[in-house]
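FYI, it's all coordinate maths here, none of it is from the lab. As the structure is a prediction and not an experimental result, all values here were calculated from the model. Note that each Cβ is placed from the backbone with ideal geometry, even for glycine, and that neighbours are counted across all protein chains shown.
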């Protein structure tokens with residue numbers, strides 16, 4: 001069973017793959033990741049792909065907006081991983 | 001005997017540093033094979049060869065900075081006799097000295113550059129992450145270090161990752177400065193813009209993406225690129241080069257794509273033969289190009305032969321792009337952000353998704369009327385995305 005901390009670590013690893021120089025401790029959980037990390041749609045797609053690979057969660061395009069912030073993404077992934085909608 | 005020379009990867013390039021050979025004497029090569037990695041102002045580039053043959057001699061050692069046009073290796077025809085050995089112990093003596101005594105003395109090899117078997121992507125990743133390749137355990141066949149090996153090593157390494165070295169960014173900035181100054185000095189630009197209703201195209205793409213798994217999903221940028229490639233067929237005077245006082249149209253459409261790099265760098269490598277690709281193929285090519293541009297493993301052909309460039313700054317929230325042409329090209333197509341706006345059509349008022357498409361073109365090669373036809377073709381094509 002994955003804890004929120006495990007999910008957080010996976011997500012940060014995925015973000016670090018596109019923004020290696022970022023200071024993730026300074027990340028504000030409620031602010032958009034795109035602005036804080038200067039990532040574009042390609043970077044974001046790569047993050048989604050990595051999360052998909054590590055957690056086996058298929059994130060529909062319509063849900064992308066829910067992953068805009070760190071806390072939003074954690075809430076979303078936690079719900080998806082515990083509600084049994086795992087693909 | 002044919003000669004393989006240091007290629008020019010843009011009008012502004014004077015020299016490049018050979019990082020590694022991917023061939024060895026006696027090896028058979030064919031046109032298009034990647035034979036070497038060269039470090040340029042635009043980053044590490046995989047250089048392809050343009051002739052078939054058998055590698056006869058490698059004349060330059062890794063770590064050497066070489067001017068554009070200098071011979072790096074010699075090839076002989078298939079079945080041809082090898083050139084007589086100049087030195088009896090070729091593994092020890094640098095072949096460069098024997099072949100070209102008058103040239104500048106070889107410089108000391110770059111530390112680490114050639115000592116490990118490592119893919120260019122992995123090398124660049126190691127540089128980004130500040131990972132010492134000596135500490136990476138290869139998992140691949142023949143002890144080749146892969147990108148995942150580097151990333152695994154980075155995770156066990158407590159120190160923070162480093163952004164691209166400042167001197168590389170400074171060099172890249174110099175290259176951009178030279179090309180853009182030349183453009184503004186020599187090219188009489190004209191600019192056109194239009195608002196295109198892309199609701200049908202984005203709706204279509206959303207429906208298509210619903211059918212696709214996350215790994216197969218297509219970004220709207222791929223649809224725009226495909227539409228540009230097709231629209232250029234209607235107005236060929238936007239696709240090609242202005243060289244020696246005359247326009248040389250290109251039959252092939254090699255679509256240069258402006259790709260921002262972390263820390264402020266910019267490259268515009270080409271999606272080659274873009275007009276022949278389907279939208280999913282375009283997405284695949286784009287994604288491959290963006291990942292390699294950011295991972296530092298572009299190929300020489302991609303950097304030298306774009307016939308037109310597309311730039312999409314909508315990600316940053318701007319609605320309109322006023323571009324600068326990348327010489328010797330003659331046009332640049334810009335896209336802004338997709339926005340929802342009120343839109344009047346056939347007497348009704350609707351909320352639609354709109355994009356600003358702009359064209360900046362070289363007035364020596366085309367006239368505004370033809371440029372306008374291009375934008376109108378683009379609009380028409382985006383109304384029938386399923387036919388792209």
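One table, with the values for the structure above:
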item	result
Efficiency of FRET between residue B:243 and residue B:190 - r from beta-carbon atoms, R0 25 angstrom, step 0.05	0.80
Geometric extent, Cα atoms of segment B:189-387 - Rg, Dmax (angstrom)	16.5, 52
Cα-based helix-to-principal-axis angle, A:4-18 vs chain A, degrees rounded to 10	50 degrees
Size-normalised alpha-carbon gyration radius of segment B:15-61, reference 2.2 N^0.38 Å	1.14
At 0.890 mPa s and 25 °C, Stokes D of segment B:1-82 from Kirkwood alpha-carbon radius, µm² per second	194 µm²/s
Per-residue average of Cβ from other chains inside 10 Å of B:293-299	1
Partner chain coverage, peptide A:45-58 - average Cβ within 10 angstrom	2
Protection-proxy order for peptides B:197-203, B:380-386, each taking the mean of Cβ atoms within 10 Å per residue, highest first	B:197-203, B:380-386
Whole-number D in µm²/s for the protein assembly as shown (Stokes-Einstein; Kirkwood sum over Cα pairs; 4 °C, 1.567 mPa s)	53 µm²/s
Taking segment B:237-388 and dividing mean pair separation by its residue count, relative contact order in percent (alpha carbons under 8 Å, at least six apart)	21 percent
C-alpha long axis of helix A:70-82 to longest principal axis of chain A, angle in °	20 degrees
Segment B:32-54 and segment B:201-279: distance between their alpha carbon centers, rounded to Å	23 Å
With Cα atoms, 0 to 90° folded angle of helix A:41-55 axis to chain A main axis	40 degrees
Using distinct alpha-carbon pairs, which all enter the 1/r mean, Kirkwood radius of segment B:304-369 in Å	13.5 Å
For segment B:258-337, the Rg and Dmax computed from alpha carbons only, in angstrom	12.6, 34
Footprinting exposure proxy for B:243, B:218 (fewest neighbouring C-beta atoms within 10 Å first)	B:243, B:218
By average C-beta atoms within 10 angstrom, highest first, the peptides B:340-346, B:36-42, A:47-53	B:36-42, A:47-53, B:340-346
Bins of 5 Å from zero: percent of alpha-carbon pairs in segment A:1-84	3, 15, 30, 30, 16, 5, 1
